[in-house]
1. Quick one: which residue in GLU393, GLU323 is more than 22 Å from ALA509 (Cα to Cα), acidic (Asp, Glu) and surrounded by fewer than 20 Cβ atoms within 10 Å (Cβ to Cβ)?
2. With the requirement that a residue be assigned to a loop (DSSP other than H, G, I, E, B) and either at pLDDT 90 or above or under 18 Å from the mean Cα position of the chain (by Cα) (or both), what does region 622-646 give you?
3. In region 1-16, how many are surrounded by fewer than 19 Cβ atoms within 10 Å (Cβ to Cβ) and closer than 26 Å to LYS259 by Cα?
4. Hey, any hits in region 554-573 for a residue that's farther than 30 Å from ARG660 by Cα, assigned to a helix (DSSP H, G or I) and out of contact with any Phe, Trp or Tyr (no Cβ under 8 Å at 6 or more places or on another chain)?
5. What number of residues within region 284-337 satisfy the criterion of being under 24 Å from ASN591 (Cα atoms), out of contact with any helix residue (DSSP H, G or I) (no Cβ under 9 Å at 6 or more places or on another chain) and aromatic (Phe, Trp, Tyr)?
6. Being of a type in the set (A, V, I, L, M, F, W, C) and open to solvent by 40 Å² or more (accessible area, probe 1.4 Å) is the requirement here; does ALA192 meet it?
7. Just name the residue that is nearest to ARG576 (Cα to Cα) out of those in region 200-241 that are within 26 Å of the chain's Cα centre (by Cα) and among the charged types (D, E, K, R).
8. If we keep just the residues of region 546-568 that are modelled with pLDDT of 85 or more and either open to solvent by 40 Å² or more (accessible area, probe 1.4 Å) or not hydroxyl-bearing (Ser, Thr, Tyr) (or both), which is farthest from the chain's Cα centre (by Cα)?
Amino acid sequence: MSLQFIMGNSGAGKSRYVYEKILAEAARHPEKNYLIVVPEQFTMQTQKELVSLHPAGGILNIDILSFQRLAYRIFEETGGSLYPVLEETGKSLVVKRVAQEKKKELTILGSTLKRTGAVSQMKSLISELKQYQIAPSELDAWAEETGEKKLLAAKLKDTGVIYRAFEEYLENRYVTAEDVLEVLAGKLEESALIKNSEVLVDGFTGFTPLQNKVLGEMLHHCQKVMITVTMDKREDPYVMKDKYQLFALSKQMVTSLVKIAGEEKVLVEEPVCLYQEPVWRFRNAPALAFLEKELFRYSGRTYREKQSNVRVYAAANPRMEVECAAQRIRFLIRKKEYRYREIAVIASDMNLYADEIEKTFREYEIPVFMDYKRNVLLNSFVEYIRSLLAMAEQNFSAESVFRFLRTDLVGFTGEELDLLENYVLALGIRGYKKWQEKWIRRAKDTTEEELEVLNHLRVCFVEKTEDLVFVLKQRQKTVRDVTLAICEFLEKEEIQKQVKVLENQFTEAGELALAKEYAQIYRVVMELFDKFVSLLGDERIALKEYRELLDAGMEEARIGVIPPSLDEVMAGDIERTRLKDIRALILLGVNDSLIPGNASAGGLISDRDRERFEERGIALAPGTREKSYIQKFYLYLHMTKPTEELMLTYSKVSADGKSRRAAYLIGDLKRMYTKLPVFNMDQYGMETKEMLPQTGIGSLIEGLQNPKKMEEG
């Protein structure tokens with residue numbers, strides 16, 4: 001039983017070194033097990049890499065797992081019942097339910113938790129407390145210690161009430177993802193698999209206290225645990241002086257694990273240090289090797305030679321940033337013979353850039369995989385249900401009716417809907433009673449035959465919805481009543497078949513990511529309805545509250561898909577996306593409002609509250625200031641991923657027309673590289689653009705509108 005760190009700078013080849021070592025060991029010792037634990041979104045990529053590295057192209061006694069998958073592997077072996085895992089949506093529903101039950105005991109949060117956003121914040125806070133192994137009783141103790149700070153004391157007491165009720169509700173019914181790791185830590189000693197294994201933990205920047213608890217048990221029972229750590233040669237990995245250092249996350253990881261190893265009386269072996277210069281990844285790109293060595297170190301050293309590995313582009317707005325990225329990708333593919341999979345795009349905020357990336361890359365015929373959990377609110381099936389409820393709540397206003405009818409799942413043609421909408425708007429038809437009555441009046445230019453068609457469409461529409469509307473308009477109805485009525489309506493309309501048709505259409509059109517989304521969406525919605533009934537079934541509810549509940553559930557629901565093609569550009573965000581073997585990286589949105597991001601720790605516990613807890617030695621998740629320094633570390637990891645080219649873009653104006661400044665990062669690079677190529681896209685004419693038939697039309701129109709710019713091109 002031992003612990004060993006594999007240390008090196010970003011790009012030093014830590015993963016490659018230890019993968020090759022494990023493959024060699026696994027071949028020599030087929031009777032042993034080798035477990036590789038990586039982040040959830042990195043498991044398939046790691047499997048692919050190990051298979052490609054293996055001389056025989058197969059891995060028999062090596063398993064690639066995440067912490068969650070490891071847990072289920074151990075549970076299968078050791079037995080014991082594990083209750084169903086409550087997902088994020090279910091947590092929100094339970095919080096809403098227990099908050100309603102305990103509202104008389106809440107002093108300040110009772111009214112706050114009626115808002116959907118506040119319920120999500122409370123759910124996040126409870127998850128955080130569970131991750132950091134803080135019990136409800138500890139919140140009561142903290143509340144007593146706060147003294148004069150009455151507001152904080154009241155928040156803590158209310159949180160303790162809800163947290164305790166949340167735990168009581170889950171007991172003998174469900175477990176959370178955090179509970180799974182807690183159970184795993186207790187089961188490892190029973191596992192023969194673990195006792196006969198060597199474990200590698202790779203790709204993590206840090207661990208939660210629960211993950212540390214699992215690792216502590218692994219150290220006690222496994223033959224050996226190896227952990228890769230991104231660490232600069234000039235740093236002392238065993239001394240944690242300042243949590244705002246660039247490598248603070250890595251130091252925190254090392255120091256906490258060394259402490260755990262000491263408590264478990266486990267040998268800490270000499271680390272493997274991969275500190276060769278130049279760093280292996282940048283052996284052919286000295287400008288990028290300099291970037292890795294000096295980024296965020298502020299040593300004052302400069303790179304004085306002319307170079308093209310690092311370049312900056314200034315664009316007019318975010319749309320032009322994405323177009324600039326698309327043109328650069330086309331150039332790299334056409335002139336430098338890159339593969340799409342060798343290029344990655346990282347956006348500082350995917351909420352701002354995701355739609356523009358999908359749209360622009362489609363125009364430029366660039367295959368792209370969007371590496372983010374898709375919000376399902378804009379899915380046409382989800383919109384079908386949401387608009388159906390909105391229509392009933394708003395008593396069939398014209399806007400709500402045609403929001404529902406134009407989801408393309410009702411069965412009316414475009415011409416029929418146009419005819420119907422023109423008539424309804426012309427005569428001001430509003431209210432459910434008006435739709436139930438026969439239409440006699442004729443609008444201008446409406447013929448008798450058209451009026452007959454309109455009445456036929458009206459009857460079809462009313463017959464479709466009348467059973468559901470009858471339930472929705474009842475004064476006394478429960479969550480179960482509404483949910484059952486919606487499910488019966490969906491079954492009667494055979495919506496599942498229609499969603500399958502859409503899935504097939506997207507598959508035929510080559511929109512594989514959308515096809516995967518539609519393949520999952522019906523199941524996701526039905527599972528959400530199941531949670532409604534099991535968690536809130538007998539609770540009486542108004543239609544407006546049910547709509548809010550549905551929206552809250554859909555906002556939490558996310559659909560993740562694996563890359564549907566082998567050769568695609570990867571597009572993702574700074575914190576979630578993991579990149580491997582890329583030649584070029586494009587970083588979008590390097591503006592001061594986005595880097596560092598303004599995502600605060602927020603929620604019900606403020607940054608000042610977190611600082612007070614830290615002063616008492618109570619560990620919670622990082623606050624806003626600490627997160628901004630953590631983002632620097634993620635930026636360092638991403639900017640040192642490409643082997644040949646790093647391209648950064650920023651916009652002068654936001655999408656809503658507000659002026660923007662470049663982020664501090666652009667200034668840092670200008671100081672580091674005295675001859676940094678900076679391109680102002682406004683000053684470049686047509687000759688610099690990558691032209692395709694569909695994009696050339698836009699450039700032609702632009703040139704006709706601005707002949708002088710055309711002459712400059």
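1. Details: GLU323 fails: surrounded by fewer than 20 Cβ atoms within 10 Å (Cβ to Cβ).
Only one candidate passes the filter, namely GLU393.
2. If we filter region 622-646 for residues that are assigned to a loop (DSSP other than H, G, I, E, B), which is where we start, we get 622-623, 640-644.
Within region 622-646, THR640, LYS641, PRO642, THR643, GLU644 meet the criteria.
3. Looking only at region 1-16, we keep the residues that are surrounded by fewer than 19 Cβ atoms within 10 Å (Cβ to Cβ), and these are 1-2, 4, 13, 16.
Next, only the ones that are closer than 26 Å to LYS259 by Cα stay: 1-2, 4.
Matching residues across region 1-16 total 3.
4. If we filter region 554-573 for residues that are farther than 30 Å from ARG660 by Cα, which is where we start, we get 554, 556-568.
Cutting the leftovers down to assigned to a helix (DSSP H, G or I) gives us 554, 556.
Filter again for out of contact with any Phe, Trp or Tyr (no Cβ under 8 Å at 6 or more places or on another chain), leaving 554, 556.
Within region 554-573, one or more residues are farther than 30 Å from ARG660 by Cα, assigned to a helix (DSSP H, G or I) and out of contact with any Phe, Trp or Tyr (no Cβ under 8 Å at 6 or more places or on another chain).
5. So the count comes out to 0.
6. On the way: of a type in the set (A, V, I, L, M, F, W, C): yes; open to solvent by 40 Å² or more (accessible area, probe 1.4 Å): yes.
So ALA192 passes the test.
7. Initially, region 200-241 is screened for residues within 26 Å of the chain's Cα centre (by Cα), giving 200-215, 227-230.
Filter again for among the charged types (D, E, K, R), leaving 202, 213.
On the way: ASP202: 15, LYS213: 23 Å.
Looking at residues that are within 26 Å of the chain's Cα centre (by Cα) and among the charged types (D, E, K, R), I get ASP202.
8. Of region 546-568, the ones modelled with pLDDT of 85 or more are 546-547, 550, 567-568.
Narrowing the set further to residues that are either open to solvent by 40 Å² or more (accessible area, probe 1.4 Å) or not hydroxyl-bearing (Ser, Thr, Tyr) (or both) leaves 547, 550, 567-568.
Numbers: ARG547: 24, LEU550: 20, ASP567: 22, GLU568: 19 Å.
Here the residue is ARG547.
The values are calculated or read from the model by the stated rules, or taken from the named source; none is laboratory data. Treat the numbers as computed from the prediction; the structure is a model and nothing was measured. Glycine also receives a Cβ, built like all others from the backbone with ideal geometry; neighbour counts cover every protein chain displayed. Just the protein is used for accessible areas: all its heavy atoms, side chains included, with ligands, DNA and RNA removed. Shrake-Rupley method; radii C 1.70, N 1.55, O 1.52, S 1.80 Å.
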